[in-house]
Each structure stands twice: as structure tokens, then as C-alpha cells.
Amino acid sequence: MTSWFQAEGQVDAFSPVIQEASSLLRKGELVAFPTETVYGLGADARNTAAVEQIFTAKGRPSDNPLIVHIAESGQLDGLVSECPEPIRKLLSAFWPGPLTVVLPVRPGAVSPRVTAGLPTVGVRMPAHPVALALLRAADCPVAAPSANRSGRPSPTRAEHVREDLGGRIAGIVDGGPTGVGLESTVVELAGGRLHVLRPGGITAAQLRETLPEIPVEAAGQPAGGEAPKAPGMKYAHYAPRGRMTLAVGSDPGQVCAAIQAQLDEARRRGERTGVLAFAEHAGWYDADCIAVCGSLGDLTTAARGLYDALRRLDEGGATWILAETCPEEGLGAAIMNRLRKAAAGRILAV
Ligand code: TXA
Ligand code: MG
């Protein structure tokens, strides 16, 4: 049985729903909660048995480390053995917010299952009143990956969590739809450079603006030496159930025509067709299922709606999916990173 805690509207650490949910966490149970990025599946990061349940509930490979969530900057020093000045600058600019920093872990501060045996730990302070209230009430560092079954799109609504994990976890705190819609940006300072291990809610341009003196290496860029990697980046992620291909080209009219030709052919073969489109072009398509993620003119809406759109393609039963793409600037870098994974790298060049 999974308890449902309704926490929309104003809550703080003393609200009864938050008290109940946090007492489950303190007892070593799993509780899903909203953050400004996606819903997280929380466990007491110091409790190995609790952390192990995260991997079981999600079906997640155990060599993929978890992000530790905190409510106060003061908790950071208890978790890490050092925090260089440039990282402190980032924290004062972007915390609370969608930025995870990877730092040397303080021995014994969290279960080794959290770090997957690495000498480092990823830490973030979420900018969501419900998450902060829960973390304060739990009064412990909380390990929390996205609250989806491994390989499914990350949850941006409490209902998504119930679809994937209902019956497998102790509680779900419903704080309404999340804001950013994509996971946090994960960064690590190494060799005098800031490496973006996973693009996310904070853009490379924002990082560069805050740290003008430090080179910022975008995810996947060669770093002139051994580049640190987020272990999670190697897994196929965020996949809809149907086979998805990204249509890439500079002329929107030609891209739409190429997508429609593929859809028509797939339909003749008996596939159930789906399109993932931006609002500006959605009316151009004839398909069994058309999912709009958001507007090309405002990529914050596309980031917010992307995972929900992928889930709607599943609900629509689409087996053959073509997706539009966006320029890889600003939030577009994170959107395209997730789209490429959802499509397992399949590209239709137009
Ligand atoms: O927005 C988010 O970050 C969400 C919400 C719930 O806070 N959480 C999330 O966690 O996306 P998860 O576990 O799904 O993603 C963790 C990412 C993975 O790519 C993992 O490999 C990387 O962070 N990571 C965690 N610890 C790391 C470490 N010590 N070194 C390198 N990468 C690390
Ligand atoms: Mg995830």
C-alpha cells in the first residue's frame, strides 16, 4: 500500500502531511516527493537498507550513483570533505535550484550505496517548498533519483509516480506538476575546468556568466584529458514504449513533410503512429497520436512538458514515433540530450 500525501498549497516542516511523510523516511521507507525539476524517490542517505530499496523499486543498475538532497547550505560540509571556492560561488548563485555539484565525499557521511563506491557525491538543494519542508522535517540527507521505473520518462506529476511505482513504495507526496520539467544540471570541477556531466535546468551560459574565469565544458565535449563522467549518462533513459526517431533539419517545412512521409509509410505497415511536436507545428500532422511538448518560441514550456508528452505517446499506444527537434542553445541543450536518449540515438536527417 502506498500512502498518498496531498501537499499542494502552503506547507512547512510542521504540516501534518509533511510530518507523516518525513517519519516514513526516518523509518527507512521510500517516499516520492516533488522538486522543481522532477519528482524524486527519497530515502535516508545514511541508511544502506533504505537506499538499497531505491534500486529495487526503480529496477535501477546499482553502479549508478544517487543525488543527495539537502535543505540548508550548512548540511553540505557534513557531506563533503572539501568545496572549492568556484563551486561555492555557483551554490550562492543557483541554490536552492536545479544544480547538482559533485564533490569529494566525507568518509562515512552517506551509505556507500549512494555513491556506488565512488570517492565523490552529488549534492543538491531543490527549490521547491514541499521538498524543502520534507527535507527539514526528515532532518537527514535524502538520496533521491527521479521517481520513475528505470528506462521510463521521469515523472513531472504525482500521477506519473503512481503509474510507475504505486504499490512498491511507502508514500507519494503530491505537490502538483513540477516547474522545470527536466533534471538538474550536474557539474564537477576537475583540472581547473567545470565539466557539465549532465545538462539540465541551469544552462551552460548561466554557469559561464557566474564563473567567467573558469572554462566550462559542455556535456560530451572532449576535455583534453580524462573527462569525468556521470555514470548515469551511459544508460538508455526516458524511453517511450514505441520506437522513436528524431527528425533533424534546418527547414521546418521540409522536416514536417519528411515526418509525415514516414508516418504514412508506417501506418501502411500497420503501425500506430505518433508525433512529438512543438505547438507551432502540431496542426500540420496526421497521426494516430500527436503529443505537444510546448512551444519552440519558449523552450521553458517544452522542457516542462516533454516527459508528460512522452508518457502520452505511450498512453496513445504509439508504436512508431517521429519527434521534432530544437536548437541546442540554452535549455535546448538539455531538451535535445533527453530526446536523443529517448530515441536511442535514432536520427532521420532531412
Ligand atoms: O533533478 C534532479 O537531479 C532529480 C531530482 C529528483 O532532484 N534527480 C535525479 O537523480 O535526476 P538521478 O539519480 O536520476 O540522476 C543522478 C545523475 C546521474 O546521471 C548520475 O550518474 C549522476 O547524477 N551522479 C550522481 N552522483 C554522481 C557522482 N558522484 N559522480 C558523477 N555523477 C554522479
Ligand atoms: Mg533519472
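The values are calculated or read from the model by the stated rules, or taken from the named source; none is laboratory data. Because the structure is a prediction, the values reported are computed rather than measured. Cβ sites come from the backbone with ideal geometry, for glycine too, and all protein chains shown count toward neighbours. All accessible areas refer to the heavy atoms of the entire protein, side chains included, with ligands and DNA or RNA removed. Shrake-Rupley method; radii C 1.70, N 1.55, O 1.52, S 1.80 Å.
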Residue set PRO155, PRO212, PRO145; condition farther than 19 Å from MET336 by Cα and either within 16 Å of ligand 2 (Cβ to nearest atom) or buried (at least 22 other Cβ atoms within 10 Å of the Cβ) (or both); output residue PRO145
Just give me the residues in the stretch 136-178 being modelled with pLDDT of 95 or more, more than 11 Å from ligand 1 (Cβ to nearest atom) and touching a His at 6+ places or on another chain (Cβ under 9 Å), in sequence order. PRO141, GLY175
Specify the residue that is nearest to ligand 1 (Cβ to nearest atom); the eligible residues are those in the stretch 59-85 that are part of a helix (DSSP H, G or I) and open to solvent by less than 30 Å² (accessible area, probe 1.4 Å). LEU79
Scan the stretch 270-284 for residues that are open to solvent by 60 Å² or more (accessible area, probe 1.4 Å) and without any contact (Cβ under 8 Å) to a residue 12 or more places away in the chain and report the count. 2
State all residues of the stretch 86-97 that are part of a loop (DSSP other than H, G, I, E, B) and open to solvent by less than 20 Å² (accessible area, probe 1.4 Å); if no residue qualifies, say none. GLY97
Residue list for the stretch 26-45, filter: under 18 Å from the mean Cα position of the chain (by Cα) and among the acidic types (Asp, Glu): GLU36
When restricted to ILE321, ILE335, the only residue crowded, with 18+ Cβ neighbours inside 10 Å, among the β-branched types (Val, Ile, Thr) and part of a helix (DSSP H, G or I) is ILE335
